[in-house]
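Chemist: Got a structure here, written out as structure tokens. Questions coming.
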Amino acid sequence: MTRLMKHRLFWPVFSLLALIVINTIARPQFIKITMRDGEFYGALIDILRNCAPLMLVALGMTLVIATRGIDLSVGAVMAVSGAVTLTIIDGSSSPGSTSTVLVAILAGIGVSLVLGLWNGFLVAVLDIQPIIATLVLMLAGRGVALLITDGFITTVNSEPLNFVATGYLFALPFALFIWLAAAAAIAIVERRTALGVLTEAVGINPEASRLAGVRSRGIILGAYVASGTLAGIAGIIYSSNIRAADANAAGDLIELYAILAVVLGGTSLMGGKFTIAGTVIGVLIIQTLDSTILFLGVSSAQSPVFFAIVVVIVVLIQSPRVHQWGRALTGGFRTRPGTEVRNDAEVTA
Amino acid sequence: MERPILELTGATVYFGADAALDGVDFRLFPGEVHSLMGENGAGKSTLIKAITGALQLTSGELRIDGEVMHFGSPHDAQEAGVRAVYQEIDLLPNISVAENISLGTEPRRFGLIDWKEMRERAHAVLADLGLDIDPASILGRHSLAVQQLVAIARAISTEARVLVLDEPTSSLDLDECAELFRVIRDLKERGVAIIFVSHFLDQVYEICDRVTVLRDGKLVGEYLTREFLRIDLVQAMLGRSAESLRARPRLHLADERSTEPFLSARAVSVGSGINDADVDMIEGEVLGVAGLLGSGRTELARALTGIDKLDGGIIRIQGTDESLGNPRSAISLGVVYSSENRRTEGILSELSVQENITLALQAERGVFRRIRPARQRELAMSWVDALDIRPPDLDRPAGTLSGGNQQKVLLARLLALSPRVLVLDEPTRGIDVGAKVEVQNLVGELADNGLSVMFISAELEEVLRVGNRVLIVQDGRILDTVPSEDLTADSLTALVARPEAV
Amino acid sequence: MSTTTVTAPRARLASYSRTFLDRHSSMMPTFAALLIFIALLIGAEMHFGNFLTPLNMSALLLNYAYLLILAVGMTFVIITGGIDLSVGSVMAFTGISCAKLLGEGYSAAVVIPAILLGGAAIGLLIGVLVQYFDVQPFIASLAGLFLARGLAFVVSLSSIRVENESVLWLQTTRWRFGEWYITPTGILALSVAAIGAFVLAFTRFGRTVYAVGGNEQSARLMGLNVARTKVLVYVISGVCGGLAGLVLTAYSGAGYPRNGIGTELDVIAAVVIGGTLLTGGTGYVLGSVIGVLVFATINTIIAYEGAEQAWTRIIIGLMLLMFIVVQRVIVVRSERRR
């Protein structure tokens, strides 16, 4: 079992390490972590901090993808939750008080949860294709966020809010603890309860699962609620970081990066088997790549070219055809019968 | 003898290290109906795929009319006059009947599709088959049986020299079968060579001139049907004594007929599928269900097990009214269902055998009460042993098992729930004869242990052999319930085929 | 006797409607979209009083010619059961390339084929990934989106004005019929739609597009050329992206690398509103034309009303929702019927 895990995560881990090594060779200060005023600083720390919004969104996306779904609305949900939270803080008499910020954050998360529930309702209860169902909110969500902020970028200066994205706890960024906690919570719930295997069952075949007595609807609904809620938290971290609610820019293209992270981590978009650890590594790869591109002096506007190349390479590595080529190439040197016959056995049946 | 239209010599196909087809010779003459027989995995579908260009031979030769051919795709085979109709209808539900018939060879004028000509052509072919439907209608709006006939219409619409019919009758009723056989005989007259694959021995004996038997990817032999006894055919397919087939596992009726039925349904209706059905299921008894496809047998099974919501009627379990709104509530009352569609509604192919076996039990316990991994293994292993699931590898993805073993995994999943009522919809469909017998015997044992089993099968002999009583379904209604001792295969066939409900 | 004469026509009517449904049930959503379009126009006219003017209607086509072109390409892709997220970025990439090349003095006769080829190349990449490497269309076209967007910024980080007369001619020429007018871009868009509709209905390639959307495996077994078709629909969508880039550059008189962010969603929404099922297999170019018109009308109404532009997206979202729920209901009903 452990060997299988290792096998599944081998390529993601290898890619991440390779990226780090390349970066370190190119600029040795990349690996350096310095201590200032009892807080750690460095490029690696930045990566761990800055990846928080993407990480949360990607974790939720993993659950949704495991149920054979997809959540395109995460960026819009981020915009809405940021708008709700900052509008409340902006409108309150004491924007600096911790309790105000807490209430505002809870309201933002609450709204996101409802939005997630809405997606889940469309997919699980009305049986609408996930891509289409979440497209609705993807389109309409930003409109709602713009209405909440009256079409302006709401800027807020609030110490407790700033702490969410930029604060430090135990010498490490607070945002790091948020995503670590989320990842750990999901991993524990999925693996220590039966949620993991039941989610996979639903993702592989919803009807067969229903016949086996699995509460498919509840599980699918839960995945979208989790995705919405996590996106909401991500939206708050994002807003906290720029100290503003920007309904247009918040979470722009994040759904695509999140999906990329999930796929990079080794979870198939076809649903079923999924891996939380893989997604975490996938996000770290994307964030490290982002930092690399920035370092190379490429304009951030041009960085999508690199991501396009990464996507192509990753999907090619996963593609059965390339595996065949690889086998044909290495087959001449060493033959290892029995490893690849599994899939073919199905064909004969 | 004349020259074969199609001839395979030394046909070999490898999947990885395994030979799916190993040095098989096969010949097909014009104007004959030739049956290809064998258990699942014997290599029938591989052979068909090689002939129809869906698959390439690793070695060996394929000759059409004496000429060596290399089919790179189904298209090449079709060019050479080899057409096929597969068991799972391979047509397109979203486009018109006429297009389904002629797509790929559609009539064109100036390179553009000539719709009028296409419809006329379709109309003619359909009329040939005795089918009067609007060629411009969308295929998906017709019943499965009609779709199957359209598939055959497609195959014969061009000058087919070789026609492959792979389980063409599985979704047809008796009349439609007779119609199909009439068409087959007609084609035969015209000199078309037909390969006919069917699990139904009756049909093989009715329509085929010659039969080629495969086993484990190798050729067993080629025989003339009229000189070949059934029992010999079965023996050739199994490669072992067919004793077990002749044995009737058990026939004694539950003695305590006076006991309250465990499950009793009254006036159950679901849509137009099943109407006003009364069923009593008694502990320790196998209730066979005989009926044609579309008779409502599956709808009945789904209604009793909470898969589909009832439109009317009540279901009592041990005397109390229960509303089985969904499979979960049925399962919690000990009523479980195994679908006829093993692949789409049964097995979770990417999950392991162990996960498949423990799934329903885990679902019943709920998300938060996980079965400990050690206990899961133990449980799964005990069922793998008890049902002789092969290979006995708990971590293997269930989708890689053979059909029969997948069926056993599904049974294990249900039995792990310790059910009181087991409803099995075609549990033996598409699995090899050996596994069939095992499943039949298992059903008997389960009933002996006090379960109440409903056994649905398209094979009437099987229903008769396994069931204590037989429920006859026709046109969405229950016609009669008869003790199986009072029935013979012929009398049951007569009942099932009775043209009109009284 | 008298009863039969009364029921006969009614029975015939019923049988006609049944025949019609059996043949054209997949057109129902398109009819619904048409009704909505008409209702929108009438409603807007009643509300504003000066909405249904030839000038307004002509502007509809002028302003949304690029969207119409993209929607035609997208219709091909979606009918095969795929999706192309790259269209907005391809439009930006080809648009900015067009402006840049023209600025460097190449003639339009060189530049236009070049950008169409550029669009086709990205489409080809997506198609090859989808067909030969089993990459899901969503992911493959996502790579296309990233690539084209990044390349747009590689070409130029800021907008480039276009001075080339033949390109500007596409936009500035107005052929008038009374108060109605049409520009070459409008004619281009309408021709693309007409060609698209024709190809889908009357060529083997077009029917193969539907076949692939119905069931790829079956289409292959029928001997149809599935691989070529699947690659080609993405190439077509890419070429449409290139054309849209040209039209948009002509329209705005400049190339801008940020053009068309999120346009893929507008295109998908318009296509779906027009009655094309995202699951593939059914859809019409004409439906997509209507979908684009509905989209354009809503946008225009909101501009007229002077309301927050945010409402456009909300309304389009809600309309999309309505459509997919209705489609879903139809599907559930027809499944029940069996």
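The values are calculated or read from the model by the stated rules, or taken from the named source; none is laboratory data. Computed from a predicted model, the values in this text were never measured in an experiment. Cβ atoms come from the backbone with ideal geometry, glycine included; neighbour counts cover every protein chain shown. Remember, those area values only see protein heavy atoms, side chains included, never the ligands or the DNA or RNA. Shrake-Rupley method; radii C 1.70, N 1.55, O 1.52, S 1.80 Å.
Chemist: Restricting to the stretch A:172-210, name every residue that is touching a residue at least 60 places away in the same chain (Cβ under 8 Å), within 9 Å of chain B (Cβ to nearest Cβ) and among the acidic types (D, E).
Modeler: If the condition is that a residue be touching a residue at least 60 places away in the same chain (Cβ under 8 Å), within 9 Å of chain B (Cβ to nearest Cβ) and among the acidic types (D, E), then A:E200 is the only one that fits.
Chemist: Among the residues of the stretch B:381-411, which ones are of a type in the set (D, E, K, R) and either modelled with pLDDT under 80 or open to solvent by 50 Å² or more (accessible area, probe 1.4 Å) (or both)?
Modeler: Selection gives B:D385, B:D388, B:R390, B:D393, B:D395, B:R396.
Chemist: OK, next. Listed residues C:V110, C:V77; which is out of contact with any Lys or Arg (no Cβ under 7 Å at 6 or more places or on another chain), among the β-branched types (V, I, T) and open to solvent by less than 20 Å² (accessible area, probe 1.4 Å)?
Modeler: Just a single option satisfies the conditions, and that option is C:V77.
Chemist: Here is a further query. Give the number of residues within the stretch C:28-56 that are at pLDDT below 85, open to solvent by 60 Å² or more (accessible area, probe 1.4 Å) and under 26 Å from the mean Cα position of the chain (by Cα).
Modeler: Number of matching residues: 4.
Chemist: Just checking, does the stretch A:71-85 include any residue being without any contact (Cβ under 8 Å) to a residue 24 or more places away in the chain, open to solvent by less than 10 Å² (accessible area, probe 1.4 Å), within 14 Å of chain C (Cβ to nearest Cβ) and not polar (S, T, N, Q)?
Modeler: no
Chemist: Which of the residues spanning the stretch C:164-194 are assigned to a helix (DSSP H, G or I) and of a type in the set (F, W, Y)?
Modeler: The one that is assigned to a helix (DSSP H, G or I) and of a type in the set (F, W, Y): C:W169.
Chemist: Would you mind stating whether A:L48 is touching an Asp or Glu at 6+ places or on another chain (Cβ under 9 Å), at pLDDT below 90 and surrounded by 19 or more Cβ atoms within 10 Å (Cβ to Cβ)?
Modeler: Spelling it out, it is not the case that A:L48 is touching an Asp or Glu at 6+ places or on another chain (Cβ under 9 Å), at pLDDT below 90 and surrounded by 19 or more Cβ atoms within 10 Å (Cβ to Cβ).
Chemist: Another one. Condition first: open to solvent by 10 Å² or more (accessible area, probe 1.4 Å) and closer than 18 Å to C:G223 by Cα. Now tell me which residues in the stretch B:136-154 satisfy that.
Modeler: B:R154
Yes/no per residue for (1) modelled with pLDDT of 95 or more; (2) of a type outside the set (S, T, Y); (3) farther than 13 Å from C:M74 by Cα:
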{"position": "C:S218", "(1), (2), (3)": "no, no, yes"}
{"position": "C:V226", "(1), (2), (3)": "no, yes, yes"}
{"position": "C:L246", "(1), (2), (3)": "no, yes, yes"}
{"position": "C:S252", "(1), (2), (3)": "no, no, yes"}
{"position": "C:L265", "(1), (2), (3)": "no, yes, no"}
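Chemist: Looking at (1) without any contact (Cβ under 8 Å) to a residue 12 or more places away in the chain; (2) open to solvent by 50 Å² or more (accessible area, probe 1.4 Å); (3) within 14 Å of another protein chain (Cβ to nearest Cβ), which is the one condition that is false for A:I148?
Modeler: With respect to (1) without any contact (Cβ under 8 Å) to a residue 12 or more places away in the chain; (2) open to solvent by 50 Å² or more (accessible area, probe 1.4 Å); (3) within 14 Å of another protein chain (Cβ to nearest Cβ), A:I148 is out only on (1).
Chemist: At least 2 residues that are away from every other protein chain (no Cβ under 12 Å) in each: list the strands (runs of 3 or more DSSP E) lying fully within the stretch B:35-152 that qualify.
Modeler: Of the strands (runs of 3 or more DSSP E) lying wholly inside the stretch B:35-152, those with at least 2 residues that are away from every other protein chain (no Cβ under 12 Å) span B:59-64, B:67-69.
Chemist: Another question, then. Does A:A187 count as at pLDDT below 75 and either under 22 Å from the mean Cα position of the chain (by Cα) or part of a helix (DSSP H, G or I) (or both)?
Modeler: Against the criterion (at pLDDT below 75 and either under 22 Å from the mean Cα position of the chain (by Cα) or part of a helix (DSSP H, G or I) (or both)), A:A187 does not qualify.
Chemist: Okay, next question. Of the numbered conditions (1) surrounded by 24 or more Cβ atoms within 10 Å (Cβ to Cβ); (2) within 14 Å of another protein chain (Cβ to nearest Cβ), A:L284 fails exactly one; give the number of that condition.
Modeler: (2)
Chemist: Now for a separate question. A:A175 versus (1) among the small types (G, A, S); (2) open to solvent by 50 Å² or more (accessible area, probe 1.4 Å); (3) under 22 Å from A:I88 (Cα atoms): which is the lone unmet condition?
Modeler: Going through (1) among the small types (G, A, S); (2) open to solvent by 50 Å² or more (accessible area, probe 1.4 Å); (3) under 22 Å from A:I88 (Cα atoms) one by one, A:A175 breaks only (2).
Chemist: Of the residues that sit in the stretch B:441-463 and are open to solvent by 10 Å² or more (accessible area, probe 1.4 Å) and within 19 Å of the chain's Cα centre (by Cα), which one is farthest from B:S338 (Cα to Cα)?
Modeler: Here the residue is B:E461.
Chemist: Any residue at all in the stretch C:128-136 that's at positive phi, free of Cβ contacts under 8 Å to residues at least 40 places away in the same chain, of a type in the set (D, E) and surrounded by fewer than 23 Cβ atoms within 10 Å (Cβ to Cβ)?
Modeler: Yes, because at least one residue in the stretch C:128-136 is at positive phi, free of Cβ contacts under 8 Å to residues at least 40 places away in the same chain, of a type in the set (D, E) and surrounded by fewer than 23 Cβ atoms within 10 Å (Cβ to Cβ).
Chemist: Just one of A:A234, A:A249, A:A277, A:A244 is away from chain C (no Cβ under 14 Å), among the aliphatic types (A, V, I, L, M) and open to solvent by 30 Å² or more (accessible area, probe 1.4 Å); which is it?
Modeler: A:A277
Chemist: Turning to a different aspect of this structure: Check the stretch C:227-241 and report whether any residue there is touching a helix residue (DSSP H, G or I) at 6+ places or on another chain (Cβ under 8 Å), open to solvent by 20 Å² or more (accessible area, probe 1.4 Å), closer than 27 Å to A:L137 by Cβ and within 13 Å of another protein chain (Cβ to nearest Cβ).
Modeler: no
Chemist: Also, quick follow-up: So how many residues does the stretch C:57-87 have that are of a type in the set (F, W, Y) and at pLDDT 95 or above?
Modeler: Qualifying residue count, the stretch C:57-87: 1.
Chemist: Right, here's the next one. Sort through C:A197, C:A219, C:A244 and tell me the only one that's more than 14 Å from every other protein chain (Cβ to nearest Cβ) and part of a helix (DSSP H, G or I).
Modeler: Criteria check complete, one pass: C:A244.
Chemist: In addition: For the stretch C:204-213, which positions are open to solvent by 30 Å² or more (accessible area, probe 1.4 Å) and either facing chain B (nearest Cβ under 10 Å) or modelled with pLDDT under 90 (or both)?
Modeler: C:R204
Chemist: Got a sec? Which of B:G366, B:G271, B:G334, B:G284 is on the phi > 0 side of the Ramachandran plot and facing chain A (nearest Cβ under 8 Å)?
Modeler: B:G366
Chemist: I'm trying to understand the selection: among the residues of the stretch C:298-317, which are under 22 Å from A:M138 (Cβ atoms) and not aliphatic (A, V, I, L, M)?
Modeler: C:N299, C:E308, C:Q309, C:W311, C:T312, C:R313, C:G317, listed by residue number.
Chemist: May I pose another question? Which ranges mark the helices (runs of 4 or more DSSP H) fully within the stretch C:34-116 that have 3 or more residues being among the aliphatic types (A, V, I, L, M) and under 30 Å from C:N215 (Cβ atoms)?
Modeler: Qualifying helices (runs of 4 or more DSSP H): C:65-79.
Chemist: Continuing with the same structure: Do any helices (runs of 4 or more DSSP H) entirely within the stretch B:191-274 hold 2 or more residues that are modelled with pLDDT of 85 or more and either open to solvent by 40 Å² or more (accessible area, probe 1.4 Å) or aliphatic (A, V, I, L, M) (or both), and if so, which?
Modeler: Hits in the stretch B:191-274: B:201-207.
Chemist: Checking C:A143 against (1) touching a helix residue (DSSP H, G or I) at 6+ places or on another chain (Cβ under 7 Å); (2) within 14 Å of chain A (Cβ to nearest Cβ); (3) surrounded by fewer than 24 Cβ atoms within 10 Å (Cβ to Cβ); (4) more than 26 Å from B:S102 (Cβ to Cβ), only one condition comes out false. Which one?
Modeler: It fails just one condition, (3).
Chemist: Looking only at the stretch A:155-184, count every residue that is assigned to a strand (DSSP E or B) and among the polar types (S, T, N, Q) and tell me the total.
Modeler: 1
Chemist: What pairs come out if I take residues in the stretch A:123-138 that are assigned by TED's automatic domain parsing to the domain that holds A:S73 and pair them with residues that are among the hydroxyl-bearing types (S, T, Y) and open to solvent by less than 20 Å² (accessible area, probe 1.4 Å) whose C-beta lies under 7 Å away, six or more apart or interchain?
Modeler: Partner pairs satisfying both residue conditions: A:V123/A:Y224; A:T134/A:S73; A:L137/A:S73; A:M138/A:S73.
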